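Worksheet: one structure, shown below.
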Amino acid sequence: MEFRNIESQFVPVEISKYDVIRLLELSYEAFIPLFEHKNISYRLIKEVDDLEILIDAEKMEILFGNLLSNSFKQTREGGECYVKIHRDERYVVVDVFHSGPCLNDVQKTEIFQPYTSIDTVNDSPDGGIGLAIVNSIAKLMDIKMSVITYEGEGNIFRAEIPVITDDNVKLSVPKNRTDIVGRIIDNTMFTEEQLAIAGNAPGTRQTFQLLVVDSDGDTRKVLKRKLQEHFNVSTASTGKEALLLMKSQNMDAIISSLQLPEMDGYELCKIVKGSDRTRHIPFIMLSEDLSAESKIKGFRCGADLFVQKPVNIQEILLQLDNILRNKNFLRTYYANLNQLDLRKPEVNNADEIFIKELTEYIYAHLADNKLSVQELSRHTGISRTQLYMNIKRLTDHSPTSFVLNIKMAEAKKLLLTTDMTSSEISYKLGYCNSNHFSRQFKEYYNLSPGAFRKQQQN
């Protein structure tokens, strides 16, 4: 309905004065964890730092968010995306580039039509409405849309936004008032997950994320090249850069040189291990000095392992295999949610504590029909994207399917241990419509609630 309203230009345009550059930056920054997750090279190029113009901020978030979503989905793992913002006399020009196969002249037009099937890099049809919404909003706001191809490189989706100013209008602060970008990101991650399931998408085996921290560029390149055959790898040249990366990305292990500028490896390790959010991450220290004194100081800071420089790749791969195997056991353990009761009290590390507390919250709010990913994000105090990454990393489920698994496990239990009707159970589990519950239960167990109860009784 929302798309149809926009398409018919029924939705009113609400104009205010905003710094359009900052507004675009906020949306771009929200997508950075997704680019990191897919090992995509990304950058933001600004030829102007700020520009106050009259725009509809909400519709601009929808337009730009969908352009970024399309760029992410159409880029192969290890590819490149960039956003370039510049201006001329009449327009703010926003270029969103993604590497990959170039669109032909017919596709450049058809791709903006709803539910159009165009072969993508994933060898599956792009049948969504994201770019159709972009096109409709562009028409509504007099934004010029075009597609530019660079043979052998990729495609640029260009939006030319009219520069309309008025000095008498008060400047507004850009913010995602309706969590528009978060909803677009949720949909983007869901699409990627379905593609991976249906087509065994590239990169699905690279489940662990490593952070390599070293001030020497050659060492970083060598380690990344060797390790990315087995893992997703991010790199940083300083401790401060590493901590900044960790704010937007979940790491499974950190490999850091002891010798770093600004803050050394000891200090970085101490900060990582001193935070409740990151203390569970294994920390491997690289150093030419493996004296007892150096090791003792490192272990006191919380280091899990010391490896001598120059690094023996085979040795560090074996060490990582031993460290991360336990994480893989944890993921497998939590993946079987329909067979487990996660409310048990025994927990051993931060990952388990996170899942246990999240599960307890879901159980406590099962009857709340407003329980949502946004509410879970608010409760845990992390962004929707970080929540998705955390739950996916630990359970191999999206937040939505994680909640559904818990609801279905509870529904099964109530059917087998109580005399409650299907309708009563549905309301106890937060469904506004009992038919919706019955439909989901049948999809999950291949039987209706009534048939399931009867089969188990027999």
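The values are calculated or read from the model by the stated rules, or taken from the named source; none is laboratory data. This one's a predicted model, so the numbers in the text were calculated from it and none came from an experiment. Note that each Cβ is placed from the backbone with ideal geometry, even for glycine, and that neighbours are counted across all protein chains shown.
Go through region 441-455 and give me each residue that's more than 20 Å from ASN369 (Cβ to Cβ) and not charged (D, E, K, R). Matches in region 441-455: TYR445, ASN446, LEU447, SER448, GLY450, ALA451, PHE452, GLN455. For region 36-59, a residue qualifies if it is assigned to a strand (DSSP E or B) and within 17 Å of ARG22 (Cβ to Cβ), and the qualifying residues are LEU44, ILE45, LYS46, GLU52, ILE53, LEU54, ILE55.
Identify the residue in region 410-425 that is without any contact (Cβ under 8 Å) to a residue 24 or more places away in the chain and β-branched (Val, Ile, Thr) and, among all such residues, is surrounded by the most Cβ atoms within 10 Å (Cβ to Cβ). Taking the candidates together, the pick is THR421. If you go through region 236-265 and keep only what is crowded, with 20+ Cβ neighbours inside 10 Å, modelled with pLDDT of 85 or more and either outside the structural domain of ASP218 (by TED's automatic domain parsing) or not in a loop (DSSP other than H, G, I, E, B) (or both), you end up with ALA236, GLY239, ALA242, ALA253, ILE254, ILE255, SER256, SER257, GLY265.
In region 134-152, the residues that are under 14 Å from ASN66 (Cβ atoms) form Cβ pairs under 8 Å with partners that are aromatic (Phe, Trp, Tyr) and in a loop (DSSP other than H, G, I, E, B), at six or more places apart or across chains, as follows: VAL134/PHE112; ASN135/PHE112; MET145/PHE112. Within region 145-181, being at pLDDT below 70, crowded, with 17+ Cβ neighbours inside 10 Å and out of contact with any strand residue (DSSP E or B) (no Cβ under 6 Å at 6 or more places or on another chain) holds for one residue alone: ASN176.
Is it fair to say ASP50 is touching a helix residue (DSSP H, G or I) at 6+ places or on another chain (Cβ under 7 Å), at pLDDT 85 or above and in the same structural domain as TYR91 (by TED's automatic domain parsing)? Judged against the criteria, ASP50 is a match.
Going by the structure shown, is SER448 at pLDDT 90 or above, in the same structural domain as HIS379 (by TED's automatic domain parsing) and either surrounded by fewer than 17 Cβ atoms within 10 Å (Cβ to Cβ) or among the charged types (D, E, K, R) (or both)?
Values: at pLDDT 90 or above: yes; in the same structural domain as HIS379 (by TED's automatic domain parsing): yes; either surrounded by fewer than 17 Cβ atoms within 10 Å (Cβ to Cβ) or among the charged types (D, E, K, R) (or both): yes.
Taking the combined requirement at face value, the residue satisfies it.
Scanning region 366-408 for residues that are within 19 Å of TYR444 (Cα to Cα) and either hydroxyl-bearing (Ser, Thr, Tyr) or part of a loop (DSSP other than H, G, I, E, B) (or both) yields LEU366, THR395, ASP396, HIS397, SER398, THR400, SER401. Within region 387-409, none of the residues are without any contact (Cβ under 8 Å) to a residue 40 or more places away in the chain, crowded, with 16+ Cβ neighbours inside 10 Å, over 23 Å from HIS37 (Cα atoms) and outside the structural domain of LEU34 (by TED's automatic domain parsing). The set of residues in region 60-101 that are more than 26 Å from the chain's Cα centre (by Cα) and part of a loop (DSSP other than H, G, I, E, B) comprises ASP88, GLU89, ARG90.
The set of residues in region 405-427 being more than 15 Å from LEU371 (Cβ to Cβ) and of a type in the set (Val, Ile, Thr) consists of THR417, THR418, THR421, ILE425. In summary, VAL134 fulfils each of the numbered conditions (1) at pLDDT 85 or above; (2) surrounded by 14 or more Cβ atoms within 10 Å (Cβ to Cβ); (3) outside the structural domain of ARG76 (by TED's automatic domain parsing) with the single exception of condition (3).
One line per residue, one yes/no per condition, for (1) exposed (fewer than 13 other Cβ atoms within 10 Å of the Cβ); (2) polar (S, T, N, Q); (3) modelled with pLDDT of 80 or more; (4) within 30 Å of the chain's Cα centre (by Cα):
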residue: MET285; (1), (2), (3), (4): no, no, yes, yes
residue: GLU293; (1), (2), (3), (4): yes, no, yes, no
residue: GLU315; (1), (2), (3), (4): yes, no, yes, no
residue: ASN322; (1), (2), (3), (4): yes, yes, no, yes
residue: LEU330; (1), (2), (3), (4): no, no, no, yes
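In region 428-440, the residues that are within 17 Å of LYS370 (Cβ to Cβ) form Cβ pairs under 7 Å with partners that are at pLDDT below 90 and hydrophobic (A, V, I, L, M, F, W, C), at six or more places apart or across chains, as follows: GLY430/LEU371.
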